[in-house]
Amino acid sequence: MVTNPGPPVAAQAVDAVVVGAGLSGLYQLHRLRQLGLTAVVLEAGDDIGGTWYWNRYPGARCDIESLSYSYSFSPELDQEWEWSERYASQPEILRYIHHVADRFGLRGDVVLRTRVTRAVYDEDRHLWRLSTDTGRTVTARFVILATGCMSVPKDPGIPGADNFTGAIHHTARWPREDVSFAGKRVAVIGTGCSGVQAIPVIADEAASLTVFQRTPAYVLPAHNRPLPPAETARLKAGYPEFRRAQRLSRGGTVFEPPTRSALEADETERTAAYEAAWGEGFLNGLLRTYTDILTDEKANETVAEFVRSKIRSIVTDPATAELLSPRTYPFATKRPCLGTGYYAAYNRPHVTLVDLRTTPIETITPRGIRTSAGEHDLDMIVFATGFDALTGSQLAFDIVGKGGVTLRDRWAEGPRSYLGLVSAGFPNLFSVLGPLSPSVLTNIAVSLEQQVEWITDCIAHLRRNGLTEIDALPDAEAGWGVHVAEVAARTLYPAVDSWYTGANVPGKPRVFLAYAGGLDRYREECDTVARNGYTGFALSSCP
């Protein structure tokens, strides 16, 4: 059993605290143990799993192939675990995480139902002191935030929710018990990736389904299927080389990079390339066809129109097809989605699409949702309204660094962090998959391993050399921020209001939040810093 918090206890002293027991936190714990360090993982949830514990909504599954979206650090684990589907569902991924925790004996150092409320740095002793909502306190030399890229749900911000007499659920906080839609009039608000996955499943059961859409998504077919044993065996035989290729790749997935501009090809050739990618069922399949999809608006429009043509070919009502067709932003500048039966769901007579651009929601009433065009009577509302991405989880509790400065104040105009790993003035506080790292633009299973391993090697270096503190230098941090912005500016990303830029959260600083230069280039940057004695950081020991 995973350790329960129990009654408040005296301060626990360990070498390192990991905040979050998802994929990142569990791997970080494993690596810290290999160093011989004492460590504890503090987890707010009732169980381990992180994203895959909280996001158990209908239809939830990964959008990177299962055999790629998994740990690569153990060849034995690669061979013993059997994935049942090309794109694993949430229950299967959670079973995998539990298997890993059991196989490597990680549960004993995980404390559940314990939310960190405050972390304060002791400048004299080079120690962090963490407080929790259970009264437990922990002191540690090192703190690693493995709190997730997408773990703080965005407040829908719709008035009247407390008045609704039916059931309300959020895809990011779905109840553990089964939710039945049978015979119910259901609304889904939001058509990002969680909405795209949930809508067809809910439509299978509900008496009626009303989808409230503000911005349509580009949804690509997953072509999900069972994995036959023979195919699994063949893939496993190639795992060692595949894992090496993943680590050296641009985005944590392995493919032959394109060599030509979309504008160099004629329409017939482009259409054939796009059809082939559409048929493969990869999240980034269309991006892999030509070199300039994310850097040239005209090239991007060729892909965008191809996807719109697919929508028109699937959705039988032309007006609905047009509403579902993205026209206000380039393809993939908001995260595209993998779906199964998403567009076809709108052909069902009991599924209705409401365009919030023309008829915005005014309020939630006791009976349903009222828009500017009238009221929709409902039994259940599902919010699929997304997250306060990347920075939200790191600003969810008070972090106080040198001089009493809080991280929230330091990031008031946007995140500052050297290599996306350490923020100046907050020594020995590391982030995994945080802002200004490749994180959400990559296969995060590969990215998190790279960052966990870098952090672990850094801690080992400090201990070997009798050092107790590492802090980012302000100039290095500022230079990294400029570099991240410059790299993003070479793409179409920054011009679009999206959660990549924080624009989905009112009042959040508008900054492109991820490193768009590729995981391969980022890995080399991090390795160079380490090889050169951690340039850009100040290393010291207690007086």
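The values are calculated or read from the model by the stated rules, or taken from the named source; none is laboratory data. The structure displayed is predicted, hence computed values, not measured ones. Neighbour counts are summed over all protein chains in view; Cβ atoms, including those assigned to glycine, are modelled from backbone coordinates with ideal geometry. Side chains are part of the model used for accessible areas, which takes the heavy atoms of the whole protein and leaves out ligands, DNA and RNA. Shrake-Rupley method; radii C 1.70, N 1.55, O 1.52, S 1.80 Å.
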Worksheet item: Given a 1.4 Å probe and every protein chain left where it sits, what share in percent of the accessible area of region 1-131 is carbon and sulfur?
Response: 50 percent
Fill in: Cα-based Rg and Dmax for region 263-319, where Dmax is the largest Cα-Cα distance (Å)
11.7, 35
Fill in: Around C542: net Lys/Arg minus Asp/Glu count, Cβ-Cβ under 11 Å
-2
Fill in: Inter-centroid distance (Cα atoms) of region 324-338 relative to region 493-540, Å
23 Å
Worksheet item: Just the accessible area per residue of the chain, please: how many Å² with a 1.4 Å probe?
Response: 40 Å²
Worksheet item: What 222 nm value per residue comes from the helices of the chain, counting each DSSP H run with n ≥ 4 as -39,500 (n - 2.57) and dividing by all residues, nearest 500 deg cm²/dmol?
Response: -9000 deg cm²/dmol
Discussion item. Could you order the peptides 41-54, 201-214, 219-232, 424-437 from most to least packed, using the average number of other C-beta atoms within 10 Å per residue?
Written reply: 424-437, 41-54, 201-214, 219-232
Discussion item. Can you order the peptides 341-352, 171-182, 85-96 by their average number of other Cβ atoms within 10 Å per residue, highest first?
Written reply: 85-96, 341-352, 171-182
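Give me the dipole magnitude in Debye, nearest 20, for region 136-264 about the Cα centre, with unit charges on the beta carbon: positive for Lys and Arg, negative for Asp and Glu.
Details: 16 positive and 10 negative charges, 123 e Å.
Once rounded to the nearest 20, the dipole reads 600 debye.
Just the projected area, averaged over all directions, of the convex hull on the alpha carbon atoms of region 39-84: how many nm²? Let's see the in-between values first.
Numbers: hull surface 19.4 nm².
Its Cα hull, projected and averaged over all orientations, spans 4.8 nm².
Sorted by packing (mean other beta-carbon atoms within 10 Å per residue), highest first, where do 235-243, 514-522 land? Mind showing how you got there, number by number?
Values: 235-243: 14.3, 514-522: 21.0.
For the peptides 235-243, 514-522, the packing ranking is 514-522, 235-243.
Give me the mean projected area, in nm² to one decimal, of the convex hull enclosing the Cα positions of region 14-167.
Working: hull surface 47.9 nm².
Averaged projected hull area, Cα only: 12.0 nm².
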Worksheet item: Can you give the convex hull volume of the alpha carbon atoms of region 77-145 per residue, in Å³?
Response: 135 Å³
Fill in: Relative intensity, log₁₀ I(q)/I(0), of region 412-543 from a Debye sum that treats every alpha carbon as a point, q = 0.09, 0.10, 0.13, 0.19 Å⁻¹
-0.26, -0.32, -0.54, -1.08
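Test of understanding: what is the full-extension gain from R103 to T328, defined as 0.36 nm times their sequence separation minus their Cα-Cα distance?
Numbers: separation 225, 0.36 × 225 = 81.00 nm, distance 4.78 nm.
Computed gain between R103 and T328 is 76.2 nm.
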Worksheet item: How many angstrom separate the Cα center of region 51-86 from the Cα center of region 120-180?
Response: 24 Å
Worksheet item: Under a Cβ-Cβ limit of 4.7 Å, which cysteines in the chain have nobody to pair with?
Response: C62, C149, C458, C526, C542
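Under the 0.36 nm per residue contour assumption, what length would be gained going from the current alpha-carbon distance of A13 and R260 to full extension?
Working: separation 247, 0.36 × 247 = 88.92 nm, distance 5.64 nm.
Roughly 83.3 nm would be gained on extension.
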Item to complete: For region 529-543, take each phi angle, set θ = phi - 60°, evaluate the Karplus expression 6.51 cos²θ - 1.76 cosθ + 1.60, and give the result in whole Hz per residue in order, putting x for glycine and proline.
Response: 4, 5, 4, 8, x, 6, 4, x, 10, 9, 10, 8, 10, 4, x
Worksheet item: What is the Cα coordinate range of region 200-282 on the first, second and third principal axes, sorted by size from largest, in whole angstrom?
Response: 49, 41, 22
Worksheet item: Hey, what do the phi angles of region 296-306 turn into as Karplus ³J(HN,Hα) couplings, whole Hz, using 6.51/-1.76/1.60 and θ = phi - 60°, x for Gly and Pro?
Response: 10, 4, 5, 5, 4, 4, 5, 6, 4, 5, 4
Worksheet, complete the sentence: If amide H atoms are modeled at 1.01 Å from N in the peptide plane, then the residues at a separation of 5 or more from R260, or on another chain, having amide H under 5 Å from its own are T291
Worksheet item: Given +1 on the Cβ of Lys and Arg, -1 on the Cβ of Asp and Glu, and no further charges, what dipole in debye does the chain carry about its Cα centre, rounded to the nearest 20?
Response: 600 debye
Item to complete: For the chain, find the longest principal axis of its Cα atoms and tell me its angle to the long axis of helix 193-205, 0 to 90°, nearest 10.
Response: 50 degrees
Fill in: Binned Cα-Cα distance frequencies in the chain - 20 Å width, integer %
21, 55, 23, 1
